[in-house]
Amino acid sequence: MTSIPEFMTTKHRECDELFTEAEAAVAKVDWSLALTKWQSFAVELSKHFSQEEDILFPKFEQATGMTSGPTQVMRMEHQQIRALVQDLDNALAAQNKDEYLGLSETLMVMMQQHNMKEEMMLYPMMEKNVADGEQIIAQFQAS
Amino acid sequence: MNINGLSFNALPPIDLPFRFFITAPIFIILCAFLILFSGETLWVSRWQPSMLALTHGFTLGFLTMVMMGALLQLLPVIGGVGIARPRLVVSVCHSTLIIGILCLMANFIWPSKLLTISSLIFLVCSIGVYILTFTWVLVKKLSQGDSIIGFRLAMSALFIVLLLGVGLLSQSIGFLSVNSIGKMLTNSHALFGLVGWGSLLIISVSFQVISMFHVAPSFPKLISRYLPSSLFFLLIFSIFQPVFVVPFIILIHGVFALSLLLVISKRKRKIPDSTIRFWQLAALTLIVLNIFYFTPDKFLPSFIRQQKTLLITAVYLYFYLVAVIQGMLLKILPFLSYTHLQQKCLVNFSAMQTIPHMHKFLNKKHGQWLFYLHFMTGIVLFYTLVIPSTYWLLSLLLLIEFSWLLYLMIKVMRLYFLTLTKINLSVNE
């Protein structure tokens, strides 16, 4: 059985990998490869956010009664990350390399910070408080 | 709404680290003028009064100044907790540090009891308050073990550096008599300062920031867990057995350099990046220093042999410590600016579109120029140590390099405050 921190952290790393592959393709001006990798990243990221916002965060809030604490901060950061993803979509569509690389550096830093908060604090707190964590992860793996 | 639910958000106000950062290059600009007006005599030996002023300008004025500012931000990011009453602590530490360093540098050139006592009071006040405040946080149980253990050791080393420095200054005005062991204390003071405070902190920070900024794997567990403590224990032993211990300290740096190169080579983000170049330069420097240190003296030309210790120290300081600090500044300045502005937009989402991206804060090409300037200045520093008549060129290059760094800092900070004004205006609308 896989724990919440283990599974969700692995997903962060998978997203990082797709993200860096897209960025490297833009740096080499290989726009078609960049688009493929970027789209895969965007799909993975969206799925990851949904798993958190629709299932894990409500479970955590229910278990702890903390509805305006860490999960609220994470939701707001998700919203900011989505806005940056939209900007990157536009830069990619316009094939604007400098704009893309400036935005990708920004998104990378933001994601890494966001991931650190989740991996260092929120996921361990979830593991402690969400009783059926391993079953939830098993469902994520099956989907 | 409680948006501070995560202690991770305990970032101190951005103007506090900025104060330290912006002061640091000004000290090197001051050092450039010191080199210009001291002439060739400065380079005769490490005991020259102007040379002592110069080394303290670099180590306290630049390295310690930046590191004290950077720790203010790194501790909440890596450890999850910030210091208490940061504005008060920084106001005391930053102002007294500037006065203390200026008094100390002046005291080396124009020795006087008044300047010695002033440097003692201001530096003890500044560094002492800083150590106390950070120790209060570092003794608590914090997350992210390996880097935090390194921070604790670096802070302990800074305390020892301060203690030895106070002892040496007190001796110079007759408060304390340590004549018989004066040279040993000076060597320990320098070793704890460069290796214990400077290098240990850099090594500990590298464990965290390289993987964070460059999507690289973690350092091998054996390195991140045992290398900082081994280095610290060797430093303690070096007080009693310097001749026996120093080669091991050099070797450990070689091990760190190899693992650093390995981790960097395995990074997933491989786009051109000046910070990575600074890290690579630092790692290659440590490997070359190992080769140089362990080469028997009979194989070295006499003009190099005569200056071996000074050359090793200068290269370690400039191509390793200062290089990493500059590389880190290239990342930290836009990163902090963006992060602070982004945090302000958490509850005001629409204002987020006013935040410039990281490369608008600091242009990548401008970072590259800093790297080239640093490399050229380092080569001329090496050359000047052997042939002092080129001191004027070194002075000129230092002036250009650190004026450029100062300009980059001012540019980032200006854009930060302009954007902040826009965000505040959009909140009030």
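The values are calculated or read from the model by the stated rules, or taken from the named source; none is laboratory data. Computed from a predicted structure; not experimentally measured. Here the Cβ positions follow ideal geometry from the backbone for every residue, glycine too, while neighbour counts run over all protein chains shown. Accessible surface is based on the protein model in full, side chains and every heavy atom, while ligands, DNA and RNA are left aside. Shrake-Rupley method; radii C 1.70, N 1.55, O 1.52, S 1.80 Å.
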Per-residue mean of other chain beta-carbon atoms within 10 angstrom of the beta-carbon, peptide B:347-359? 4
Take B:ASN424, project a point 7 Å from its Cα along the Cβ direction, then tell me which residues of the range B:336-354 have their backbone nitrogen under 19 Å from it. B:337-354
Chain B: relative contact order from alpha carbon pairs under 8 Å, six or more residues apart, as a whole percent, is 17
Dividing the helical contributions, -39500 (n - 2.57) per DSSP H run of n ≥ 4, by the residues of chain A yields a 222 nm value, nearest 500 deg cm²/dmol, of -26500 deg cm²/dmol
Between B:PHE233 and B:ILE109, what is the label-point separation in nm under the 7 Å Cα-to-beta-carbon projection? 4.5
Test assert for the range B:180-217: residues whose accessible surface shrinks by at least 30 Å² between chain alone and all chains, 1.4 Å probe, equal B:MET212, B:VAL215
I want to make sure I understand the PRE zone here: with the label point 7 angstrom from the Cα of B:ASN187 toward its beta carbon, which residues in the range B:149-164 have backbone N atoms less than 15 Å away? none
Using only alpha-carbon positions, what ratio does the radius of gyration of the range A:4-142 give when scaled by 2.2 N^0.38 Å? 1.12
Would you report the distance distribution of C-alpha pairs in the range B:244-315 as whole percents per 10 angstrom bin, up to the bin with the largest distance? 18, 42, 26, 12, 2
Rounded percent of accessible protein surface that carbon and sulfur make up, the range A:1-76, 1.4 Å probe: 54
For A:ILE55, tell me the accessible area in Å² from a 1.4 Å probe, rounded to the nearest 10. 70
Would you kindly state how much longer the chain becomes between B:ILE410 and B:LEU168 on full extension, computed as 0.36 nm times their sequence separation minus their alpha carbon distance, in nm to one decimal? 83.4 nm
Can you list the residues of the range B:238-266 with backbone N under 18 Å from a point 7 Å past the Cα of B:ILE291, pointing along Cα to Cβ? B:250-262
Averaging 1/r across every pair of distinct alpha carbons in chain B and inverting yields a Kirkwood hydrodynamic radius, in angstrom, of 22.4
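Which helices count as membrane-span-like in chain B under these terms: full DSSP H, at least 27 Å along the axis by C-alpha, Kyte-Doolittle mean of -0.5 or more?
The answer, listed by residue number, is B:15-38, B:86-109, B:113-138, B:145-172, B:242-265, B:274-294, B:323-344, B:364-386, B:391-428.
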Tell me: how much accessible area in total is hidden between B and A, 1.4 Å probe, Å², nearest 100? 3200
B:SER218: net charge of surrounding residues, Cβ under 12 Å, Lys/Arg +1, Asp/Glu -1, itself excluded? +4
Using only Cα atoms, locate the centre of the range B:358-429 and the centre of the range B:18-68, then give the distance between them in Å, rounded to an integer. 17
Write down the Kirkwood hydrodynamic radius of the range B:271-428, to one decimal in angstroms, obtained as one divided by the mean of 1/r over all alpha carbon pairs. 17.9
In the P(r) worked out for the protein assembly as shown, what percent of Cα pairs fall beyond 30 Å? 54
Check: C-alpha center the range A:13-53 vs C-alpha center the range B:81-119, spacing in Å is 49
With a Förster distance of 45 angstrom and the Cβ-Cβ distance between B:ILE312 and B:PHE349, calculated FRET efficiency to the nearest 0.05 equals 0.25
Given the convex hull of the Cα atoms of the range B:358-421, what is a quarter of its surface area in nm²? 4.4
Under a 1.4 Å probe, counting only protein heavy atoms, B:MET376 has an accessible area in Å², nearest 10, of 100
When Rg is the radius of gyration of the Cα atoms in the range B:159-263 and Rh is its Kirkwood radius, what does Rg/Rh come to? 1.09
